[in-house]
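Contents: one structure, followed by commentary.
The values are calculated or read from the model by the stated rules, or taken from the named source; none is laboratory data. Quantities reported herein were computed from a predicted structural model and do not represent experimental measurements. Neighbour counts are summed over all protein chains in view; Cβ atoms, including those assigned to glycine, are modelled from backbone coordinates with ideal geometry. Each accessible area value is taken on the protein alone, full model and side chains, heavy atoms only, with ligands, DNA and RNA left out. Shrake-Rupley method; radii C 1.70, N 1.55, O 1.52, S 1.80 Å.
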Amino acid sequence: MIRRSAGTPAPTTAPRDGTTDHGGHTGHGGDTDRDRGAGPPLGMPPDWPVAVDSTVVRTHQHTAGARHAPASDLVAAYPDTKEVFRLDDPDGREALGRSHSGHSTTLHRAADARRRPLSRVTAPGQRHDTTACAPVMAGIRVRRPGGVGRPRTRATHILGDKAYSSHANRAYLRRRKIRAVIPERADQAHNRKARGSRGGRPPACDAELYTLRTVAERSINKRKQLRAVATKYDKRDYMYQATVDIASIKIWLRDLTESPQGPG
């Protein structure tokens with residue numbers, strides 16, 4: 001299963017981006033990217049696109065061999081984060097799996113238009129990206145200006161590559177009123193066309209807005225400046241998550257101090 005820590009650092013202010021709004025269309029039997037009433041809450045920027053992506057992290061040989069369960073006193077000390085310590089299935093315990101590169105962990109993350117990390121989850125290296133879309137989006141919590149009100153958890157757009165193109169992900173984003181900017185995979189387009197008029201229209205994907213998707217890749221490159229993020233040395237997954245969070249905090253602090261436009 002995918003592991004998400006409750007200790008992901010929350011940004012102090014909302015991201016700002018100047019892109020324009022884009023809609024979609026619906027066809028009978030097809031996917032839709034039009035979400036009526038998906039405007040941002042009062043006091044927030046009109047558009048807040050969030051890019052999602054993943055990277056495979058090679059693991060050191062010493063990451064294997066952790067005990068089958070974390071220490072009981074550690075679990076008791078953090079009763080609100082039992083999800084972090086819950087055991088995974090045998091091939092994914094401690095987010096340690098196998099991919100074409102050997103033992104590995106997949107780091108899924110979301111970033112705003114200024115390459116600042118917003119959320120992250122870890123999963124075994126062999127897990128497909130599409131399974132992490134909902135957990136990554138669910139982990140976004142951004143404080144509103146002035147700290148008044150509940151944190152904002154819903155972006156206006158999600159930018160992802162074809163790996164995130166699935167009916168389940170698009171349905172999840174529609175329920176949350178988030179517009180998907182995700183291109184359709186070739187096999188999905190072929191199956192839709194084979195159904196003729198019953199296949200519906202293709203899902204909308206704004207090509208201009210899609211160019212911002214690279215911010216997720218550049219965000220993880222910033223994190224990987226820390227060696228302990230680029231290569232996993234920790235036996236426990238929650239320790240690696242803490243390492244990733246430290247790298248994220250450094251990115252946010254640097255942005256807040258160096259940006260001439262301020263923290264927004």
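Tell me which residues come under 5 Å, amide H to amide H, from Val57 once H is placed; ignore anything under 5 positions away on its chain.
Thr105, Thr106, Leu107
How would Leu96, Leu209 rank on accessible area, largest to smallest, probe 1.4 Å?
Numbers: Leu96 35, Leu209 5 Å².
Result, largest first: Leu96, Leu209.
Can you give me the convex hull volume of the Cα atoms of the stretch 129-264, divided per residue and expressed in Å³?
On the way: hull volume 20.8 nm³, N = 136.
Looking at the stretch 129-264, the number lands at 153 Å³ per residue.
Two decimals is fine: what is log10 I(q)/I(0) at q = 0.12 Å⁻¹ for the stretch 197-264, from a Debye sum with one equal scatterer on every Cα and no solvent?
Log10 I(q)/I(0), no solvent term: -0.53.
Listed highest first by mean packing, meaning other Cβ atoms within 10 Å per residue, what order do 118-128, 142-152 come in? Numbers along the way, then the final one.
Values: 118-128: 22.8, 142-152: 13.3.
Peptide ranking by packing, descending: 118-128, 142-152.
At 1.4 Å probe size, put Met137, Met239 in order of accessible surface, largest to smallest. List each step's numbers first, then the result.
Numbers: Met137 0, Met239 95 Å².
Greatest to least solvent exposure: Met239, Met137.
Tell me the per residue accessible area of the stretch 108-205 using a 1.4 Å probe; a whole number in Å² is fine. Could the numbers behind the result be given before it?
Working: 4160 Å² over 98 residues.
Here the residues of the stretch 108-205 average 42 Å² of exposed surface.
Ordering Thr131, Thr257, Thr231 from largest to smallest accessible area (1.4 angstrom probe), what's the sequence?
Details: Thr131 75, Thr257 110, Thr231 40 Å².
The most accessible residue leads, giving Thr257, Thr131, Thr231.
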